[in-house]
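Novice: Handing you a structure now.
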2 protein chains.
Amino acid sequence: MKVLQERIREEGLILSNTVLKVDSFLNHQVDTRLALEIGREFARIFGDRPITKVLTIEASGIQFAMAAGIALDVPFIYAKKKKAVTLAEKVYSAPVYSFTRQENYQVSISQKYLGPEDKVLIVDDFLATGAALVGLVDIVRASGAELAGVGCVIEKSFQEGRGLLEAKGVEVHSLARIASMSPGEVCFVEEAVVE
Amino acid sequence: MKVLQERIREEGLILSNTVLKVDSFLNHQVDTRLALEIGREFARIFGDRPITKVLTIEASGIQFAMAAGIALDVPFIYAKKKKAVTLAEKVYSAPVYSFTRQENYQVSISQKYLGPEDKVLIVDDFLATGAALVGLVDIVRASGAELAGVGCVIEKSFQEGRGLLEAKGVEVHSLARIASMSPGEVCFVEEAVVE
């Protein structure tokens, strides 16, 4: 997605070879027009399948799940992060290890909102280690719903997330795939292929 | 907002005289069409003022800030909840006491995204004790930005939040104002006034 790559080049702050900050337009301050465009792009990629629900994880996936939900005209669900599951109702949950925070947490969604009748598109802002997304995939499968695929806004292709998801038979599409980066420079996968 | 009141009556789960669950359509599973309508309603109420940014707090304010941002065609910012501020950059922050979790946390936003040139609409899903919203109001004022007002989706009018905000000179509009509730019954402020 060209406009996204341009914004990453212009506004992304590369703090190290692995840390990219995009909080001026994607995940702290959000450019609502760009978010809607991102949603339309996910709908274009996955919309030939009859998706019934979009699934993401709080917090920074919400704006993109909402945008995809708007473009596909379906509801979305955001999984909650909890250290301990203390919900009274029945939930699907999966353990996730956060490399950033170096701690384990649970992602969970109420069993009321996902079932065998659903076809689910999972959406998130970043695909890096894939830990949270693997958890969401496990939740979708535990619910009996069909998984249409995973759509990510930015992928750090030099990390293992895509490989982990593909090993589970999941179709993955990311709108900007970063092959490598270092302070002041970002190289996208498409460009690496062309050169 | 009539359609919202109807949904609360039909789908809201009243667990006690103070706890209302709306997670089938507002803050776990989200009805994207209704969220967009809510955003348009906020824009109708506050849109005569030249709002430059919508501000909310992660996580469940995001979908409504996004909807308001879409309707007003402006970006939105979501404040982060942190127990300790460890951001490298300069932030505006305010302490908030969570009655639900019985703990203190910080809400913070980067100073880069709010300044005297901004006119801000604050949006959130619930107005109850007002603790988080008072924190956001303090942040807006610390930034030098002008505050257009606070828009909430659901207000528990029997709690002290509105009073705290109005005592700070803040204009508050809520789309569904609950006068009282008990398991199986919810009474909205408008109805209480009419009767």
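Novice: Return the residue satisfying two criteria in turn: it lies in region A:90-114 and is surrounded by 11 or more Cβ atoms within 10 Å (Cβ to Cβ), over 22 Å from residue A:63 (Cα atoms) and more than 18 Å from the chain's Cα centre (by Cα), and of such residues it is nearest to the other protein chains (Cβ to nearest Cβ).
Specialist: This residue is A:112.
Novice: Right, something else. Looking at B:55, B:20, B:72, which is the one that is of a type in the set (A, V, I, L, M, F, W, C) and more than 10 Å from chain A (Cβ to nearest Cβ)?
Specialist: B:20
Novice: In region B:40-49, which residues are more than 14 Å from chain A (Cβ to nearest Cβ) and either at pLDDT 95 or above or under 16 Å from the mean Cα position of the chain (by Cα) (or both)? First the steps, then the outcome.
Specialist: Quick first cut of region B:40-49, residues more than 14 Å from chain A (Cβ to nearest Cβ) only: B:41, B:44-49.
Those that are more than 14 Å from chain A (Cβ to nearest Cβ) and either at pLDDT 95 or above or under 16 Å from the mean Cα position of the chain (by Cα) (or both): B:41, B:44, B:45, B:46.
Novice: On the basis of being at the interface with chain A (Cβ under 8 Å from one of its Cβ atoms) and either buried (at least 18 other Cβ atoms within 10 Å of the Cβ) or farther than 19 Å from residue A:39 by Cβ (or both), does residue B:14 make the cut?
Specialist: no
Novice: Quick check: is even one residue across region B:166-178 in a loop (DSSP other than H, G, I, E, B) and within 23 Å of residue B:35 (Cα to Cα)? Write out each step before concluding.
Specialist: As a first pass, look at region B:166-178 and keep what is in a loop (DSSP other than H, G, I, E, B): B:168-171.
Now restrict to residues that are within 23 Å of residue B:35 (Cα to Cα): B:171.
Yes, region B:166-178 contains at least one residue that is in a loop (DSSP other than H, G, I, E, B) and within 23 Å of residue B:35 (Cα to Cα).
Novice: Would you please name the residue that is farthest from residue A:91 (Cα to Cα), looking only at residues in region B:17-39 that are among the β-branched types (Val, Ile, Thr) and modelled with pLDDT of 95 or more?
Specialist: Once the filter is applied, the top-ranked residue is B:38.
Novice: Modelled with pLDDT of 95 or more and more than 9 Å from chain A (Cβ to nearest Cβ): does that describe residue B:85?
Specialist: no
The values are calculated or read from the model by the stated rules, or taken from the named source; none is laboratory data. All figures in this text were calculated on a predicted structure; none of them were measured in a lab. Here the Cβ is made from the backbone with ideal geometry for all residues, glycine too, and neighbour counts use every protein chain on show.
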